[in-house]
Amino acid sequence: MERIRERVIQIYGNLVSLLQKCIFCILSVGPIPNHIAFIMDGNRRFTKKCKLMEGAGHKIGFSALMSMLKYCYEFGVRYVTVYAFSIENFKRSPEEVQSLMDLMLEKIEEILKEQSIVNRYGVRVIFSGNLKLLSEPVRLAAERAMLATAKNSKAVLSICVAYTSTNEIMHAVQESCEEKWDEITLLNSSGAGYGLISLGGYEQDEMDHLIKLTDIEKHMYMAAAPDPDIIIRTSGETRLSNFLLWQSANCYLYLPSVLWPEIGFRQFLWAILNFQQIHFYLDKQRKQS
Amino acid sequence: MWHLLHVTIHLCYFAINIANALESHLISKGLLRRYKSLHISKLQYLAIVIESEDCRTSNVIELLQWLADLGVKHVCLYDMEGILKKSKDFILEKFDGATLFQENDVLLDQPLMTLEFASFSDGKEAVAKAANVLFMKYLKSGSTSSYQGEQIFTESQMGEALKTVGGNGPEPDLLLVYGPARCHLGFPAWRIRYTEIQHMGPLKSMKYGSLIKAIYKFTMVQQNYGK
(Lines give C-alpha, C1' and ligand atoms only; values in the text may rest on other atoms or scores of the structure.)
Protein backbone atom coordinates (compact mmCIF):
# COMPACT_ATOMS: atom_id res chain seq x y z
CA MET A 1 0.00 0.00 0.00
CA GLU A 2 2.82 2.31 1.00
CA ARG A 3 4.76 1.43 -2.13
CA ILE A 4 1.75 2.18 -4.34
CA ARG A 5 1.33 5.56 -2.66
CA GLU A 6 5.01 6.37 -3.20
CA ARG A 7 4.74 5.33 -6.85
CA VAL A 8 1.69 7.55 -7.40
CA ILE A 9 3.47 10.53 -5.83
CA GLN A 10 6.51 9.87 -8.03
CA ILE A 11 4.39 9.69 -11.21
CA TYR A 12 2.56 12.87 -10.21
CA GLY A 13 5.89 14.62 -9.58
CA ASN A 14 7.18 13.56 -13.00
CA LEU A 15 4.00 14.76 -14.73
CA VAL A 16 4.22 18.15 -13.03
CA SER A 17 7.87 18.41 -14.03
CA LEU A 18 7.02 17.50 -17.63
CA LEU A 19 4.21 20.06 -17.72
CA GLN A 20 6.58 22.75 -16.42
CA LYS A 21 9.16 21.84 -19.09
CA CYS A 22 6.44 22.11 -21.79
CA ILE A 23 5.39 25.51 -20.52
CA PHE A 24 9.03 26.67 -20.53
CA CYS A 25 9.35 25.45 -24.13
CA ILE A 26 6.34 27.51 -25.17
CA LEU A 27 7.50 30.59 -23.24
CA SER A 28 11.00 30.46 -24.68
CA VAL A 29 9.57 31.49 -28.06
CA GLY A 30 9.44 34.96 -26.55
CA PRO A 31 12.14 36.98 -24.76
CA ILE A 32 13.76 35.32 -21.74
CA PRO A 33 14.80 37.67 -18.92
CA ASN A 34 18.56 37.73 -18.41
CA HIS A 35 18.42 38.76 -14.74
CA ILE A 36 15.67 38.29 -12.12
CA ALA A 37 15.93 39.69 -8.57
CA PHE A 38 13.86 38.61 -5.55
CA ILE A 39 12.92 40.46 -2.37
CA MET A 40 12.02 37.56 -0.09
CA ASP A 41 9.40 39.31 2.04
CA GLY A 42 6.85 37.66 4.32
CA ASN A 43 8.70 34.90 6.21
CA ARG A 44 7.72 36.20 9.65
CA ARG A 45 4.12 36.83 8.57
CA PHE A 46 3.98 33.25 7.26
CA THR A 47 5.22 31.94 10.64
CA LYS A 48 2.45 33.89 12.40
CA LYS A 49 -0.21 32.95 9.86
CA CYS A 50 0.54 29.21 10.12
CA LYS A 51 1.18 29.40 13.88
CA LEU A 52 4.65 27.88 13.51
CA MET A 53 7.70 28.09 15.77
CA GLU A 54 9.87 31.15 15.41
CA GLY A 55 12.29 30.82 12.53
CA ALA A 56 10.24 28.15 10.73
CA GLY A 57 9.04 30.66 8.16
CA HIS A 58 12.62 31.43 7.14
CA LYS A 59 13.46 27.73 6.80
CA ILE A 60 10.44 27.13 4.56
CA GLY A 61 11.36 30.33 2.76
CA PHE A 62 14.74 28.81 1.94
CA SER A 63 13.00 25.84 0.24
CA ALA A 64 10.88 28.30 -1.72
CA LEU A 65 14.10 30.01 -2.80
CA MET A 66 15.56 26.71 -4.03
CA SER A 67 12.41 26.09 -6.09
CA MET A 68 12.53 29.56 -7.63
CA LEU A 69 16.22 29.15 -8.46
CA LYS A 70 15.44 25.84 -10.16
CA TYR A 71 12.70 27.46 -12.29
CA CYS A 72 15.00 30.37 -13.20
CA TYR A 73 17.96 28.22 -14.24
CA GLU A 74 15.76 25.64 -16.06
CA PHE A 75 14.12 28.45 -18.02
CA GLY A 76 17.49 29.93 -18.96
CA VAL A 77 17.71 32.99 -16.70
CA ARG A 78 21.45 33.55 -16.33
CA TYR A 79 21.57 35.96 -13.38
CA VAL A 80 19.54 35.70 -10.19
CA THR A 81 19.88 38.11 -7.25
CA VAL A 82 18.26 37.73 -3.85
CA TYR A 83 17.87 40.26 -1.03
CA ALA A 84 18.84 38.01 1.86
CA PHE A 85 19.71 40.52 4.60
CA SER A 86 19.53 44.32 4.63
CA ILE A 87 21.79 46.56 6.74
CA GLU A 88 18.51 47.81 8.26
CA ASN A 89 17.74 44.25 9.41
CA PHE A 90 20.55 44.55 11.98
CA LYS A 91 18.06 46.69 13.94
CA ARG A 92 16.00 43.57 14.71
CA SER A 93 16.34 41.83 18.08
CA PRO A 94 19.81 40.28 18.64
CA GLU A 95 18.20 36.82 18.94
CA GLU A 96 16.48 37.15 15.57
CA VAL A 97 19.64 38.48 13.89
CA GLN A 98 21.67 35.63 15.38
CA SER A 99 19.18 32.99 14.23
CA LEU A 100 19.22 34.46 10.71
CA MET A 101 23.02 34.42 10.68
CA ASP A 102 23.00 30.78 11.90
CA LEU A 103 20.53 29.87 9.15
CA MET A 104 22.71 31.61 6.57
CA LEU A 105 25.79 29.74 7.77
CA GLU A 106 23.94 26.41 7.64
CA LYS A 107 22.59 27.07 4.14
CA ILE A 108 25.92 28.27 2.73
CA GLU A 109 27.46 24.93 3.77
CA GLU A 110 24.50 23.11 2.19
CA ILE A 111 24.70 24.81 -1.20
CA LEU A 112 28.36 23.89 -1.53
CA LYS A 113 27.56 20.20 -1.35
CA GLU A 114 27.97 17.96 -4.36
CA GLN A 115 24.31 17.48 -5.32
CA SER A 116 23.21 21.00 -4.61
CA ILE A 117 21.56 23.27 -7.11
CA VAL A 118 24.73 25.35 -7.41
CA ASN A 119 26.78 22.48 -8.80
CA ARG A 120 23.93 21.02 -10.83
CA TYR A 121 23.45 24.22 -12.81
CA GLY A 122 27.05 25.51 -12.75
CA VAL A 123 26.21 28.57 -10.66
CA ARG A 124 28.83 31.04 -9.50
CA VAL A 125 27.85 32.47 -6.10
CA ILE A 126 28.66 36.08 -5.23
CA PHE A 127 27.93 37.74 -1.91
CA SER A 128 27.18 41.43 -2.51
CA GLY A 129 27.18 43.91 0.34
CA ASN A 130 29.27 45.34 3.14
CA LEU A 131 30.58 41.94 4.29
CA LYS A 132 32.70 43.64 6.99
CA LEU A 133 29.46 44.10 8.95
CA LEU A 134 28.99 40.32 9.21
CA SER A 135 30.37 38.20 12.02
CA GLU A 136 33.60 36.38 11.20
CA PRO A 137 32.20 32.83 10.76
CA VAL A 138 29.54 34.05 8.29
CA ARG A 139 31.98 36.25 6.41
CA LEU A 140 34.52 33.43 6.12
CA ALA A 141 31.84 30.99 4.95
CA ALA A 142 30.71 33.50 2.33
CA GLU A 143 34.29 33.95 1.11
CA ARG A 144 34.74 30.16 0.95
CA ALA A 145 31.55 29.82 -1.10
CA MET A 146 32.68 32.51 -3.52
CA LEU A 147 36.07 30.84 -3.94
CA ALA A 148 34.60 27.33 -4.35
CA THR A 149 32.20 28.43 -7.08
CA ALA A 150 34.47 30.95 -8.83
CA LYS A 151 35.06 28.64 -11.79
CA ASN A 152 31.35 28.01 -12.45
CA SER A 153 30.29 29.91 -15.52
CA LYS A 154 26.81 28.85 -16.59
CA ALA A 155 24.87 31.13 -14.23
CA VAL A 156 25.36 33.61 -11.40
CA LEU A 157 23.62 33.86 -8.02
CA SER A 158 24.16 37.19 -6.21
CA ILE A 159 23.20 37.03 -2.57
CA CYS A 160 22.78 40.53 -1.15
CA VAL A 161 23.81 40.40 2.48
CA ALA A 162 24.49 43.44 4.72
CA TYR A 163 23.34 45.39 1.69
CA THR A 164 21.46 48.58 0.96
CA SER A 165 21.52 50.54 -2.29
CA THR A 166 22.57 53.75 -0.58
CA ASN A 167 25.47 51.94 1.10
CA GLU A 168 26.40 50.41 -2.25
CA ILE A 169 26.44 53.83 -3.94
CA MET A 170 28.41 55.30 -1.04
CA HIS A 171 30.95 52.48 -1.22
CA ALA A 172 31.30 52.84 -5.01
CA VAL A 173 31.89 56.60 -4.65
CA GLN A 174 34.52 55.99 -1.99
CA GLU A 175 36.31 53.32 -4.06
CA SER A 176 36.29 55.71 -7.06
CA CYS A 177 37.82 58.46 -4.92
CA GLU A 178 40.49 56.09 -3.62
CA GLU A 179 41.31 54.98 -7.15
CA LYS A 180 41.55 58.59 -8.34
CA TRP A 181 43.72 59.46 -5.34
CA ASP A 182 46.09 56.59 -6.16
CA GLU A 183 46.24 57.74 -9.80
CA ILE A 184 47.09 61.29 -8.77
CA THR A 185 49.67 60.14 -6.22
CA LEU A 186 51.32 58.00 -8.88
CA LEU A 187 51.41 60.86 -11.38
CA ASN A 188 52.78 63.15 -8.70
CA SER A 189 55.55 60.81 -7.64
CA SER A 190 56.61 60.23 -11.23
CA GLY A 191 57.04 63.97 -11.60
CA ALA A 192 54.22 64.33 -14.08
CA GLY A 193 51.67 65.49 -11.56
CA TYR A 194 51.91 69.23 -12.14
CA GLY A 195 51.26 69.65 -8.43
CA LEU A 196 47.93 67.89 -8.70
CA ILE A 197 47.67 67.32 -4.99
CA SER A 198 47.24 71.05 -4.55
CA LEU A 199 44.96 71.07 -7.58
CA GLY A 200 46.88 73.84 -9.23
CA GLY A 201 47.20 71.92 -12.44
CA TYR A 202 43.52 71.38 -13.22
CA GLU A 203 40.96 73.63 -14.84
CA GLN A 204 37.67 74.03 -12.93
CA ASP A 205 35.81 72.06 -15.60
CA GLU A 206 38.25 69.15 -15.32
CA MET A 207 37.95 69.17 -11.52
CA ASP A 208 34.18 68.73 -11.78
CA HIS A 209 34.66 65.59 -13.86
CA LEU A 210 37.62 63.84 -12.26
CA ILE A 211 35.35 61.04 -11.17
CA LYS A 212 33.12 59.78 -13.94
CA LEU A 213 29.87 57.82 -13.83
CA THR A 214 31.64 54.80 -15.34
CA ASP A 215 34.15 54.85 -12.44
CA ILE A 216 31.32 54.68 -9.92
CA GLU A 217 29.43 51.96 -11.82
CA LYS A 218 32.43 49.64 -11.99
CA HIS A 219 32.81 49.80 -8.20
CA MET A 220 29.20 48.86 -7.39
CA TYR A 221 28.77 45.58 -5.46
CA MET A 222 26.48 44.45 -8.28
CA ALA A 223 28.86 45.36 -11.11
CA ALA A 224 29.31 41.66 -12.05
CA ALA A 225 25.68 41.41 -13.17
CA PRO A 226 23.70 43.36 -15.78
CA ASP A 227 20.72 45.45 -14.65
CA PRO A 228 17.76 43.30 -13.59
CA ASP A 229 14.87 42.72 -15.99
CA ILE A 230 12.36 41.79 -13.27
CA ILE A 231 12.29 42.45 -9.52
CA ILE A 232 9.82 40.22 -7.69
CA ARG A 233 8.75 41.30 -4.20
CA THR A 234 6.29 39.06 -2.37
CA SER A 235 3.70 39.94 0.31
CA GLY A 236 2.07 42.62 -1.80
CA GLU A 237 4.36 45.40 -0.56
CA THR A 238 4.98 48.01 -3.22
CA ARG A 239 8.40 49.42 -2.33
CA LEU A 240 12.01 48.48 -3.08
CA SER A 241 13.28 48.97 0.50
CA ASN A 242 16.71 50.20 -0.58
CA PHE A 243 17.32 47.29 -2.99
CA LEU A 244 18.88 47.74 -6.46
CA LEU A 245 17.61 51.34 -6.69
CA TRP A 246 20.52 52.27 -8.98
CA GLN A 247 20.05 49.28 -11.29
CA SER A 248 16.25 49.19 -11.59
CA ALA A 249 15.55 52.19 -13.84
CA ASN A 250 14.14 50.00 -16.64
CA CYS A 251 13.17 47.00 -14.59
CA TYR A 252 9.65 45.54 -14.37
CA LEU A 253 8.44 45.38 -10.75
CA TYR A 254 6.23 42.35 -10.15
CA LEU A 255 4.54 42.47 -6.74
CA PRO A 256 2.44 39.35 -6.01
CA SER A 257 0.46 39.30 -2.78
CA VAL A 258 1.62 35.80 -1.67
CA LEU A 259 4.08 35.56 1.21
CA TRP A 260 7.60 34.43 0.25
CA PRO A 261 7.31 30.84 1.58
CA GLU A 262 4.12 30.47 -0.50
CA ILE A 263 5.63 31.53 -3.81
CA GLY A 264 5.52 28.90 -6.53
CA PHE A 265 5.46 28.12 -10.24
CA ARG A 266 2.25 30.09 -10.82
CA GLN A 267 3.83 33.39 -9.69
CA PHE A 268 7.01 32.68 -11.68
CA LEU A 269 4.93 32.01 -14.81
CA TRP A 270 2.89 35.19 -14.35
CA ALA A 271 6.07 37.27 -13.87
CA ILE A 272 7.55 35.92 -17.12
CA LEU A 273 4.31 36.44 -19.07
CA ASN A 274 4.01 40.06 -17.89
CA PHE A 275 7.68 40.68 -18.64
CA GLN A 276 7.23 39.35 -22.19
CA GLN A 277 4.20 41.62 -22.71
CA ILE A 278 6.20 44.79 -21.97
CA HIS A 279 9.69 43.68 -22.96
CA PHE A 280 9.71 45.63 -26.20
CA TYR A 281 8.87 48.87 -24.34
CA LEU A 282 11.46 48.31 -21.56
CA ASP A 283 14.16 47.42 -24.07
CA LYS A 284 13.45 50.66 -25.95
CA GLN A 285 13.70 52.65 -22.68
CA ARG A 286 16.99 50.95 -21.82
CA LYS A 287 18.52 51.87 -25.18
CA GLN A 288 17.45 55.51 -24.72
CA SER A 289 18.94 55.97 -21.24
CA MET B 1 0.95 28.41 -29.01
CA TRP B 2 2.99 31.30 -27.55
CA HIS B 3 0.92 33.84 -29.42
CA LEU B 4 -2.29 32.17 -28.24
CA LEU B 5 -1.03 32.38 -24.66
CA HIS B 6 -0.30 36.10 -24.96
CA VAL B 7 -3.61 36.86 -26.68
CA THR B 8 -5.30 35.17 -23.69
CA ILE B 9 -3.28 37.39 -21.32
CA HIS B 10 -4.33 40.48 -23.32
CA LEU B 11 -7.97 39.45 -22.98
CA CYS B 12 -7.54 38.92 -19.22
CA TYR B 13 -6.07 42.39 -18.83
CA PHE B 14 -8.82 43.87 -21.01
CA ALA B 15 -11.42 42.42 -18.65
CA ILE B 16 -9.47 43.62 -15.60
CA ASN B 17 -9.24 47.13 -17.09
CA ILE B 18 -13.01 47.25 -17.64
CA ALA B 19 -13.58 46.21 -14.02
CA ASN B 20 -11.07 48.86 -12.84
CA ALA B 21 -12.75 51.54 -14.97
CA LEU B 22 -16.10 50.68 -13.42
CA GLU B 23 -14.67 50.76 -9.90
CA SER B 24 -12.94 54.06 -10.66
CA HIS B 25 -16.24 55.54 -11.83
CA LEU B 26 -17.97 54.44 -8.62
CA ILE B 27 -15.14 55.89 -6.49
CA SER B 28 -15.22 59.25 -8.25
CA LYS B 29 -19.00 59.45 -7.74
CA GLY B 30 -18.43 58.87 -4.03
CA LEU B 31 -20.47 55.67 -4.07
CA LEU B 32 -17.84 53.47 -2.40
CA ARG B 33 -17.82 54.37 1.29
CA ARG B 34 -14.32 53.12 1.91
CA TYR B 35 -12.75 55.84 -0.24
CA LYS B 36 -14.82 58.74 1.04
CA SER B 37 -12.41 60.02 3.65
CA LEU B 38 -8.75 60.16 2.71
CA HIS B 39 -6.06 60.81 5.33
CA ILE B 40 -4.20 63.06 2.91
CA SER B 41 -1.93 64.45 5.63
CA LYS B 42 -0.06 61.13 5.59
CA LEU B 43 1.10 61.98 2.06
CA GLN B 44 3.85 64.54 2.61
CA TYR B 45 5.54 64.34 -0.79
CA LEU B 46 4.19 62.79 -3.98
CA ALA B 47 6.21 61.91 -7.07
CA ILE B 48 4.62 61.39 -10.48
CA VAL B 49 6.65 59.49 -13.08
CA ILE B 50 5.35 59.92 -16.61
CA GLU B 51 6.43 58.12 -19.77
CA SER B 52 8.19 60.82 -21.85
CA GLU B 53 6.26 60.06 -25.04
CA ASP B 54 3.02 60.43 -23.13
CA CYS B 55 3.72 63.86 -21.61
CA ARG B 56 0.73 65.84 -22.84
CA THR B 57 0.72 69.06 -20.79
CA SER B 58 -3.09 69.23 -20.84
CA ASN B 59 -3.25 65.84 -19.09
CA VAL B 60 -0.51 66.88 -16.64
CA ILE B 61 -2.35 70.07 -15.72
CA GLU B 62 -5.61 68.16 -15.23
CA LEU B 63 -3.79 65.68 -12.97
CA LEU B 64 -2.31 68.53 -10.94
CA GLN B 65 -5.78 70.02 -10.55
CA TRP B 66 -7.09 66.71 -9.21
CA LEU B 67 -4.18 66.52 -6.77
CA ALA B 68 -4.80 70.09 -5.63
CA ASP B 69 -8.49 69.25 -5.08
CA LEU B 70 -7.48 66.28 -2.93
CA GLY B 71 -5.21 68.49 -0.86
CA VAL B 72 -1.79 67.23 -1.99
CA LYS B 73 0.76 69.93 -1.16
CA HIS B 74 4.08 68.88 -2.67
CA VAL B 75 4.53 67.16 -6.01
CA CYS B 76 7.57 66.15 -8.03
CA LEU B 77 6.98 65.64 -11.76
CA TYR B 78 9.50 63.31 -13.40
CA ASP B 79 10.03 62.04 -16.91
CA MET B 80 13.19 60.43 -18.23
CA GLU B 81 13.95 62.82 -21.06
CA GLY B 82 13.19 66.08 -19.22
CA ILE B 83 10.24 67.08 -21.39
CA LEU B 84 8.30 68.20 -18.33
CA LYS B 85 11.32 70.25 -17.21
CA LYS B 86 11.33 72.02 -20.57
CA SER B 87 7.60 72.73 -20.23
CA LYS B 88 8.01 73.94 -16.65
CA ASP B 89 7.18 77.59 -17.33
CA PHE B 90 4.18 76.68 -19.47
CA ILE B 91 2.79 74.34 -16.79
CA LEU B 92 3.29 76.89 -13.98
CA GLU B 93 1.62 79.53 -16.12
CA LYS B 94 -1.40 77.39 -16.99
CA PHE B 95 -1.80 75.87 -13.52
CA ASP B 96 -1.97 78.81 -11.18
CA GLY B 97 -2.31 76.76 -8.03
CA ALA B 98 1.41 76.11 -7.68
CA THR B 99 4.88 77.55 -7.18
CA LEU B 100 8.27 76.09 -7.97
CA PHE B 101 9.77 73.97 -5.18
CA GLN B 102 12.83 75.58 -3.64
CA GLU B 103 15.70 73.35 -2.53
CA ASN B 104 15.58 74.74 0.99
CA ASP B 105 11.81 74.61 1.32
CA VAL B 106 10.80 73.11 4.62
CA LEU B 107 7.70 71.01 4.19
CA LEU B 108 5.32 73.38 5.95
CA ASP B 109 1.67 74.02 5.33
CA GLN B 110 1.43 76.39 2.42
CA PRO B 111 -1.53 77.78 0.52
CA LEU B 112 -0.07 76.87 -2.87
CA MET B 113 1.15 73.48 -4.08
CA THR B 114 4.92 73.28 -4.66
CA LEU B 115 6.09 71.66 -7.88
CA GLU B 116 9.47 70.10 -8.54
CA PHE B 117 10.60 69.00 -12.02
CA ALA B 118 13.12 66.19 -12.39
CA SER B 119 14.61 64.00 -15.12
CA PHE B 120 17.12 61.17 -15.60
CA SER B 121 20.09 63.53 -15.28
CA ASP B 122 19.10 64.26 -11.67
CA GLY B 123 19.79 60.63 -10.80
CA LYS B 124 23.05 58.92 -11.72
CA GLU B 125 24.75 62.01 -13.18
CA ALA B 126 23.99 63.98 -10.03
CA VAL B 127 25.64 61.23 -7.97
CA ALA B 128 28.76 61.49 -10.17
CA LYS B 129 28.83 65.29 -9.63
CA ALA B 130 28.35 64.79 -5.88
CA ALA B 131 31.24 62.29 -5.89
CA ASN B 132 33.47 65.00 -7.36
CA VAL B 133 32.31 67.46 -4.68
CA LEU B 134 33.22 64.95 -1.95
CA PHE B 135 36.56 64.20 -3.60
CA MET B 136 37.44 67.89 -3.80
CA LYS B 137 36.51 68.37 -0.15
CA TYR B 138 38.80 65.51 0.82
CA LEU B 139 41.72 66.84 -1.24
CA LYS B 140 41.24 70.37 0.09
CA SER B 141 41.18 69.11 3.67
CA GLY B 142 44.90 68.61 3.12
CA SER B 143 45.03 65.12 4.54
CA THR B 144 48.28 63.53 3.45
CA SER B 145 47.59 59.94 4.41
CA SER B 146 46.07 57.65 1.85
CA TYR B 147 42.74 55.92 2.43
CA GLN B 148 43.04 52.96 4.75
CA GLY B 149 39.94 51.22 3.45
CA GLU B 150 37.97 52.73 6.32
CA GLN B 151 34.78 54.62 5.64
CA ILE B 152 35.67 58.18 4.72
CA PHE B 153 32.26 59.48 3.66
CA THR B 154 28.90 59.01 5.36
CA GLU B 155 25.49 58.80 3.72
CA SER B 156 24.53 62.16 5.19
CA GLN B 157 27.65 63.76 3.63
CA MET B 158 26.55 62.26 0.33
CA GLY B 159 23.09 63.75 0.87
CA GLU B 160 24.63 67.18 1.50
CA ALA B 161 26.85 66.88 -1.59
CA LEU B 162 23.79 65.94 -3.69
CA LYS B 163 21.99 69.04 -2.39
CA THR B 164 24.95 71.17 -3.49
CA VAL B 165 24.68 69.89 -7.06
CA GLY B 166 20.91 70.23 -7.04
CA GLY B 167 20.06 66.55 -7.02
CA ASN B 168 18.52 65.94 -3.63
CA GLY B 169 14.94 66.92 -3.04
CA PRO B 170 12.84 65.23 -0.33
CA GLU B 171 12.16 61.49 -0.45
CA PRO B 172 8.66 60.94 -1.87
CA ASP B 173 6.28 58.85 0.25
CA LEU B 174 4.43 57.68 -2.85
CA LEU B 175 5.45 57.42 -6.48
CA LEU B 176 2.74 57.04 -9.13
CA VAL B 177 3.86 55.65 -12.50
CA TYR B 178 1.84 56.77 -15.52
CA GLY B 179 3.13 54.57 -18.32
CA PRO B 180 2.83 51.12 -19.88
CA ALA B 181 4.71 49.30 -17.10
CA ARG B 182 5.39 49.37 -13.36
CA CYS B 183 8.90 50.73 -13.61
CA HIS B 184 10.36 53.87 -12.01
CA LEU B 185 12.21 54.90 -15.20
CA GLY B 186 15.32 56.15 -13.40
CA PHE B 187 13.83 58.39 -10.71
CA PRO B 188 16.84 59.48 -8.57
CA ALA B 189 17.85 56.34 -6.67
CA TRP B 190 18.95 58.17 -3.52
CA ARG B 191 15.38 59.40 -2.95
CA ILE B 192 13.25 56.24 -3.29
CA ARG B 193 14.58 53.95 -0.55
CA TYR B 194 11.20 53.35 1.08
CA THR B 195 8.90 54.99 -1.45
CA GLU B 196 5.67 53.13 -2.23
CA ILE B 197 5.47 52.64 -6.01
CA GLN B 198 2.09 52.25 -7.72
CA HIS B 199 1.33 51.73 -11.38
CA MET B 200 -1.52 53.83 -12.80
CA GLY B 201 -1.52 52.87 -16.48
CA PRO B 202 -0.98 55.30 -19.40
CA LEU B 203 -1.47 59.01 -18.69
CA LYS B 204 -3.99 59.41 -21.51
CA SER B 205 -6.38 57.00 -19.75
CA MET B 206 -5.92 58.46 -16.26
CA LYS B 207 -8.93 58.37 -14.00
CA TYR B 208 -9.80 60.41 -10.90
CA GLY B 209 -11.18 57.34 -9.11
CA SER B 210 -7.95 55.39 -9.70
CA LEU B 211 -5.98 58.28 -8.22
CA ILE B 212 -8.12 58.23 -5.08
CA LYS B 213 -7.75 54.45 -4.82
CA ALA B 214 -3.95 54.66 -5.15
CA ILE B 215 -3.66 57.33 -2.45
CA TYR B 216 -6.07 55.40 -0.21
CA LYS B 217 -3.97 52.22 -0.58
CA PHE B 218 -0.89 54.23 0.36
CA THR B 219 -2.51 55.59 3.52
CA MET B 220 -3.25 52.01 4.66
CA VAL B 221 0.38 50.83 4.45
CA GLN B 222 2.48 50.14 7.56
CA GLN B 223 6.25 49.99 7.16
CA ASN B 224 8.84 48.33 9.39
CA TYR B 225 11.86 49.92 7.70
CA GLY B 226 13.78 46.67 8.02
CA LYS B 227 12.99 45.99 11.67
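Taking +1 at the Cβ of each Lys and Arg and -1 at the Cβ of each Asp and Glu, which of A:LEU19, A:ALA141, B:CYS55 sits farthest along the dipole of the protein assembly as shown towards its positive end, judged by Cα position relative to the Cα centre?
After comparing all options, I get A:LEU19.
Residues of the range B:173-205 losing 30 Å² or more of accessible surface, assembly versus chain alone, probe 1.4 Å, please list them.
So the qualifying set is B:PRO180, B:ALA181, B:ARG182, B:CYS183, B:HIS184, B:LEU185, B:ALA189, B:TRP190, B:ARG193, B:TYR194, B:GLU196, B:ILE197.
Treating only the Cβ of Lys, Arg, Asp and Glu as charged (+1, +1, -1, -1), what charge dipole size does chain A show about its Cα centre? Round to the nearest 20 debye. Before the final figure, lay out the partial values.
Details: 32 positive and 32 negative charges, 352 e Å.
Rounded to the nearest 20 debye, it is 1680 debye.
For the range B:203-223 and the range A:1-70, compute the distance between their C-alpha centroids and round to whole Å.
Using only Cα atoms, the two centres lie 33 Å from each other.
What pairs from B:LYS88/B:LYS140; B:LYS42/B:LYS94; A:LYS70/A:LYS151 go past 30 Å between their alpha carbons?
Table pairs above 30 Å Cα-Cα are B:LYS88/B:LYS140.
Could you compute the longest span of chain B free of GluC sites (Glu not before Pro) located in DSSP loops and having at most 15 other Cβ atoms within 10 Å, not counting the site residues?
B:1-102
Whole number in Å², please: accessible area per residue of the range B:123-227, 1.4 Å probe, ligands, DNA and RNA not counted.
That works out to 41 Å² per residue.
Using a Gaussian network model of chain B with C-alpha springs under 10 Å, which one of B:MET206, B:MET80, B:MET136 is most mobile by mean-square fluctuation?
Looking only at B:MET206, B:MET80, B:MET136, the largest GNM fluctuation is found for B:MET136.
Tell me, which residues of the range A:240-263 get at least 50 Å² less accessible area when the other protein chains come in, versus the chain alone (1.4 Å probe)?
Output list: A:LEU245, A:TRP246, A:ALA249, A:LEU253.
Taking each full run of DSSP H in chain B as one helix, which ones are at least 30 Å long along their axis (Cα atoms) and have mean Kyte-Doolittle hydropathy of at least -1.0?
In chain B, the long hydrophobic H runs are B:2-28.
Kirkwood hydrodynamic radius of chain B from all distinct Cα pairs, in Å?
19.6
So what is the relative contact order of the range B:1-130, in percent, for Cα pairs below 8 Å that sit 6 or more residues apart?
Result for the range B:1-130 is 23 percent.
Which longest uninterrupted range of chain A lacks any GluC sites (Glu not before Pro) assigned by DSSP to a loop state (not H, G, I, E or B) and surrounded by at most 15 other Cβ atoms within 10 Å?
Looking at chain A, A:115-202 is the longest stretch - no exposed GluC sites (Glu not before Pro) with at most 15 other Cβ atoms within 10 Å.
With N denoting the number of residues in the protein assembly as shown, provide Rg(C-alpha) divided by 2.2 N^0.38 Å, to two decimal places.
1.05
Which of B:ALA128, B:GLN157, B:MET220 sits farthest toward the positive end of the charge dipole of chain B, with +1 on the Cβ of Lys and Arg and -1 on the Cβ of Asp and Glu?
B:MET220
Sorted from largest down, give the three principal axis spans of the alpha carbons of chain A, whole angstrom values.
87, 46, 36
Expressed as an acute angle from 0 to 90° and rounded to the nearest 10, what is the orientation of the C-alpha long axis of helix A:165-189 relative to the principal long axis of chain A?
The angle comes out at about 30 degrees.
Pick out which of B:ASP122, B:ASP173, B:ASP96 has the largest mean-square fluctuation in a Gaussian network model of chain B, springs linking Cα atoms closer than 10 Å.
Maximum fluctuation in the GNM of chain B, among the listed residues, is at B:ASP96.
For chain B, what does the relative contact order come out to in percent, with C-alpha contacts under 8 Å and a separation of six or more?
27
Over the protein assembly as shown, what percent of the accessible surface lies on carbon and sulfur atoms, probe 1.4 Å?
Whole-percent figure for carbon plus sulfur exposure: 55.
How much accessible area per residue does chain A have, counting only protein heavy atoms and a probe of 1.4 Å, in square angstrom? Please list the in-between numbers first.
On the way: 13970 Å² over 289 residues.
For chain A, the per-residue accessible area is 48 Å².
Translational diffusion coefficient of the range B:121-220 at 4 °C, 1.567 mPa s, Stokes-Einstein with Kirkwood Rh over Cα pairs, in µm²/s as a whole number.
The calculation lands on 80 µm²/s.
Based on the inverse mean of 1/r over its pairs of different Cα atoms, what is the Kirkwood hydrodynamic radius of the range B:178-227, in Å?
12.6 Å is the Kirkwood radius here.
What fraction, in whole percent, of alpha-carbon pairs in the range A:84-157 exceed 17 Å separation?
45
List the trypsin sites (Lys or Arg not before Pro) within the range A:1-65 that DSSP assigns to loop and that have no more than 15 neighbouring Cβ atoms inside 10 Å.
Passing sites in the range A:1-65 are A:LYS51.
Where the only charges are on Cβ atoms (+1 Lys, Arg; -1 Asp, Glu), what is the dipole of the protein assembly as shown about its Cα centre, to the nearest 20 debye?
Details: 56 positive and 55 negative charges, 462 e Å.
Using only the charged Cβ atoms, the result is roughly 2220 debye.
Have a look at A:PHE127, A:PHE46, A:PHE90 and tell me which one the Gaussian network model of chain A (Cα, springs below 10 Å) gives the largest fluctuation.
A:PHE90
The values are calculated or read from the model by the stated rules, or taken from the named source; none is laboratory data. Treat the numbers as computed from the prediction; the structure is a model and nothing was measured. Reconstructed Cβ throughout: ideal geometry from the backbone, glycine too, with neighbour counts over all protein chains shown. Just the protein is used for accessible areas: all its heavy atoms, side chains included, with ligands, DNA and RNA removed. Shrake-Rupley method; radii C 1.70, N 1.55, O 1.52, S 1.80 Å.
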